[in-house]
1. Hey, could you check the range 89-104 for residues that are buried (at least 24 other Cβ atoms within 10 Å of the Cβ) and under 19 Å from residue 172 (Cβ atoms) and say which is nearest to the chain's Cα centre (by Cα)?
2. Restricting attention to the range 49-86, which residues are of a type in the set (Ser, Thr, Tyr) and in a loop (DSSP other than H, G, I, E, B)?
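Derivation of every value follows stated rules applied to the coordinates shown; laboratory data play no part. These numbers were taken from a predicted model, which means no experiment stands behind them. Because the Cβ atoms are built from the backbone with ideal geometry, glycine has one as well, and the counts that use them run over all protein chains shown.
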Amino acid sequence: MYIIDLFIAIQPHKDIITEKIYKYSRTNFPFDLLNSLDLLNENKISDIDKTTYISKTAKIEQGVYIGKNCKIYDNALVRKGSIILDNVIIGHCSEVSHSVVFSNTNITHKVSIADSVIGHNCNLGANVVLSNISFLNKDMRNPNLNIKINNANISLQKFGSLIGDNTRIGMNSSLDSGCIIGKNSLIYPNTYVRSGEYINNSLIKASGKNIIKTHRQL
């Protein structure tokens with residue numbers, strides 16, 4: 001992830017957002033970046049570039065940033081606390097909630113993204129779901145997720161996925177809460193991906209009840 005790109009892109013709100021995100025960017029964990037999106041909510045900031053196309057039937061809540069030359073199509077929903085960088089496509093009936101989507105990423109139709117960070121130049125096929133609460137959680141009304149990354153324990157109430165640059169996710173795939181997908185990875189269609197960390201260049205596909213993970217040479 002190029003966290004530096006994020007705070008460069010939102011310079012108009014440097015006094016409110018960028019300073020805090022810059023502090024978080026010095027850590028190894030984008031999880032704090034998601035928490036900092038609450039600043040957009042608190043201040044009800046919205047900044048939508050005039051070059052972006054938004055369908056009349058799409059809904060954009062207060063408290064979002066949308067960059068240049070984006071396209072947001074019919075009945076799409078961008079919820080508060082979301083940052084969409086340049087040249088992103090959000091297709092028919094897709095939803096982005098409290099997430100960061102980096103530039104040149106394509107979100108096709110009926111995709112659900114919550115509490116996630118999506119890297120540059122990614123493609124999410126139709127009906128992809130990035131869940132922010134694990135279905136294994138014992139109390140769905142009071143969720144809790146514990147993740148161990150680089151020997152550090154991270155505890156969050158809601159967390160979706162971190163998707164590395166140039167990753168493609170096939171249609172009808174579902175990622176459980178807490179997936180960290182490395183750069184240049186490929187997730188086959190109709191795959192359920194369990195919570196966990198997947199290295200760069202991974203190929204992830206379902207085979208019966210198992211998930212096959214292989215290193216993919218580019």
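1. Per the criteria, the residue is 96.
2. 51, 52, 55, 57, 73
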